[in-house]
Amino acid sequence: MALYSGQLYDTIVCFGDSLTQHGWDVTKHGWVAQLSQAYLRRLDVVNRGFSGFNSKWVRVLFDQLLPVNPAINDPNKPQDAPKTPANEPQEAEPDMPSVADSTCSTRRSKLRLFTILLGANDAQLSPLKQHVPLDEFQANIEYFVRSLTSPTSQFYSPDTRIILITPPPVGEKLWKERLANDGIDGLDRRNDNTKKYADAVKAVGERFSVPCIDLWTAIEDKVSEYGGYDTYSWDGVHLNANGNDLLFGLLMAAIRENFPELDPDSMPFVVPDHRSFTGSEDFGQLFRL
């Protein structure tokens, strides 16, 4: 029996704003990069972080990022053309290879885990352009979760596990310095306001019984009132190496606690390890890439 038959790797999608986009930055121990390393040869980790975006803007992208569940009727899908009556001549169709004749695997890649980290930009103070009202922000997070978990959603994915992540706290002193360097006077974000958005994410997790990593509290509890944020953030908003290490550790703990089947230490390689080969195999029969 073949050990590997060309099947696609299942995926983890990390969805969010710059805190996710910058998660690829290995110079800052990016949490998404660490996640990719943890699942190497087991699951593909896809970064769908969009720097500067809020939940309203990424909601437009969300519907274009996910595959439509073929079992769900899409009301926007055009109706099939009327069938040709049996008494009318039908044009012969060219011979096409069947699925069974294909040498490629027909297995669809499954979305196994979907992380959502939003709120840092939504919490920008009104009337600035990135600001999204708190109730609208919470409705957007609910929409993302419901799209994947509701059997009536065209994006329904029963194989997908979801983990929500709150925005981190704002180190106001650091962020004010960052804005001043960019020629901006004053603050466009405040920590007490960002906490409201973090609490909204937690509320969605509770409502839908979805695990939520409270990154705001995890960092806030480790710093003093307006100092110490530079331990976890390089500019008061975005994570530095320590902040990324903290988030990655919290994420792996949440995965192991809530979804032990996704613990990378218990998942085999998709393509077998070379040490399992004897050297006498017919690799053309053993697996196809």
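Observations, loosely collected:
- Segment 231-243 residues that are within 16 Å of VAL32 (Cβ to Cβ), paired with ones that are open to solvent by 40 Å² or more (accessible area, probe 1.4 Å) and of a type in the set (D, E, K, R) (beta carbon under 6 Å, 6 or more apart): ASN240/LYS28; ALA241/LYS28
- Which numbered condition LEU65 misses (of (1) within 24 Å of GLN130 (Cβ to Cβ); (2) modelled with pLDDT of 90 or more): (2)
- Considering only residues in segment 189-241 that are of a type in the set (Ser, Thr, Tyr) and surrounded by fewer than 19 Cβ atoms within 10 Å (Cβ to Cβ), the one that is nearest to ARG161 (Cα to Cα) turns out to be SER209.
- Residues of segment 48-62 that are assigned to a loop (DSSP other than H, G, I, E, B) and either open to solvent by less than 30 Å² (accessible area, probe 1.4 Å) or modelled with pLDDT under 95 (or both): GLY52, ASN54.
- So SER153, is it assigned to a loop (DSSP other than H, G, I, E, B) and under 15 Å from the mean Cα position of the chain (by Cα): no
- Here the condition is being surrounded by fewer than 16 Cβ atoms within 10 Å (Cβ to Cβ) and either touching a residue at least 12 places away in the same chain (Cβ under 8 Å) or over 19 Å from LEU35 (Cβ atoms) (or both); of PHE248, PHE269, it holds for PHE269 alone.
- Matching entry among VAL32, VAL45 (being open to solvent by less than 40 Å² (accessible area, probe 1.4 Å) and not in a helix (DSSP H, G or I)): VAL45
Each row is one residue, and each column tells you yes or no for (1) open to solvent by 50 Å² or more (accessible area, probe 1.4 Å); (2) touching a residue at least 24 places away in the same chain (Cβ under 8 Å).
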residue	(1), (2)
ASP122	no, yes
GLU136	yes, yes
PHE155	no, yes
ILE165	no, yes
ILE184	yes, no
LEU187	no, yes
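- Checking each residue in segment 226-262 for being under 19 Å from LEU117 (Cα atoms) and β-branched (Val, Ile, Thr) picks out VAL237, ILE255.
- The set of residues in segment 29-44 that are among the hydrophobic types (A, V, I, L, M, F, W, C) and farther than 19 Å from PRO272 by Cα comprises TRP31, VAL32, ALA33, LEU35.
- The residues of segment 7-29 that are hydroxyl-bearing (Ser, Thr, Tyr), farther than 14 Å from LEU262 by Cα and either in contact with a Phe, Trp or Tyr (Cβ under 6 Å, 6 or more places away or on another chain) or surrounded by fewer than 17 Cβ atoms within 10 Å (Cβ to Cβ) (or both) amount to a single one, THR27.
The values are calculated or read from the model by the stated rules, or taken from the named source; none is laboratory data. Not measured: the values here are computed from a predicted model. Glycine gets a Cβ as well: all are built from the backbone with ideal geometry, and neighbour counts include every protein chain shown. Note: areas computed on protein heavy atoms with side chains; ligands, DNA, RNA excluded. Shrake-Rupley method; radii C 1.70, N 1.55, O 1.52, S 1.80 Å.
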